[in-house]
Amino acid sequence: MADEQDQERAQRTCVAYRTLAERMTSIHISRFSELPRIELYLDQLLSLVDDELSFMRLPDEGPLVTGSMVNNYVKRHVVPAPVKHRYTRRHVCYVVCVCLFKRVLSIEQVTRLIRHVEEENLDLRHTYDELCAALECALAEQFAVGPDFVAPAVEPVIDLRDANGEKVDSPLDRTIEAAVVSLAAKIYVEQVLALGEETALAEQPGAHVDSDSHAAATTPPAVTTVK
């Protein structure tokens, strides 16, 4: 009887992980050209960023970004100030990057990293797109475990370009790559541990856990789409 229960438990865990892995290996973060072209109000900015980063939200975790957070980033000169209380795609890129990197770095370290990017006069659009692609690749590498998954053929490499489109030879690319890999590893650990906690909770006598609860934690909430 115990062996059968162990087998059932192992099977449930395997199925749950497969569902998680399938979702995390197919993450897409909107590129610069895919972001809204119109200027956004703060509440629209918050909904957009929270939606884009919903893949790393944990069960019972609150909003990934709040108005007070954004205002604090602006006061610390980490994020550019809005113009007449409106935010552009440039602001979205900054806020997304801050929310991502502060998962593994202190806000002071995130500030220094952004300062280095600005001092190198890097092309914002290209750098942001490279960061998104590298994180997607790093997440796919972390979650692509088992015979049914194939790790990406490319490494999460950052190709830095200046405002003129010229390649930038700087150690900053390796720094960003390391931060991205660290972020992907932390997301992997957090998501797998959360999955294990939910599986264990479901096995408690009389417990009832919605089978879609973990998926809901990492699935974009229903928000008004901003075009």
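The values are calculated or read from the model by the stated rules, or taken from the named source; none is laboratory data. Bear in mind that the values here come from a model prediction, so they are computed numbers and not experimental data. Please note: Cβ atoms are built from the backbone with ideal geometry, for glycine as well, and neighbour counts cover all protein chains shown.
Annotations
- Scan of segment 19-60 for residues that are more than 17 Å from Glu136 (Cβ to Cβ) and either of a type in the set (Gly, Ala, Ser) or loosely packed, with under 14 Cβ neighbours inside 10 Å (or both), ordered by number: Arg37, Ile38, Tyr41, Asp43, Ser47, Asp60
- Hits in segment 108-129 - residues which are in contact with a Lys or Arg (Cβ under 7 Å, 6 or more places away or on another chain) and assigned to a helix (DSSP H, G or I): Val110, Thr111, Leu124, His126, Asp129
- For first residues located in segment 169-191 and without any contact (Cβ under 8 Å) to a residue 24 or more places away in the chain, partners that are of a type in the set (A, V, I, L, M) and surrounded by 15 or more Cβ atoms within 10 Å (Cβ to Cβ) and lie 6+ apart or on another chain with Cβ distances below 7 Å form the pairs Asp173/Ile158; Asp173/Leu160.
- Counting residues in segment 149-159 that are at pLDDT below 95 and surrounded by 15 or more Cβ atoms within 10 Å (Cβ to Cβ) gives one or more.
- Residue satisfying condition, being within 17 Å of Leu48 (Cα to Cα), under 19 Å from the mean Cα position of the chain (by Cα) and in a helix (DSSP H, G or I), within set Cys132, Cys137: Cys132
- Residues that are surrounded by 15 or more Cβ atoms within 10 Å (Cβ to Cβ) and modelled with pLDDT of 90 or more do not occur anywhere in segment 208-219.
- Residue under evaluation Val104, criteria (1) farther than 18 Å from Glu177 by Cβ; (2) assigned to a loop (DSSP other than H, G, I, E, B), criterion not met: (1)
- Flag for Leu113 being farther than 26 Å from Thr25 by Cβ and in contact (Cβ under 8 Å) with a residue 60 or more places away in the chain: yes
- For segment 18-40, the count of residues that are within 17 Å of Cys99 (Cβ to Cβ) and in contact with a strand residue (DSSP E or B) (Cβ under 7 Å, 6 or more places away or on another chain) is at least one.
- Of all the residues in segment 73-114, those that are of a type in the set (Ser, Thr, Tyr), over 11 Å from Leu45 (Cβ atoms) and either surrounded by fewer than 22 Cβ atoms within 10 Å (Cβ to Cβ) or touching a strand residue (DSSP E or B) at 6+ places or on another chain (Cβ under 9 Å) (or both) number 2.
- Residue match in segment 2-25 (condition: hydroxyl-bearing (Ser, Thr, Tyr), in contact with a Ser or Thr (Cβ under 7 Å, 6 or more places away or on another chain) and farther than 26 Å from His126 by Cα): yes
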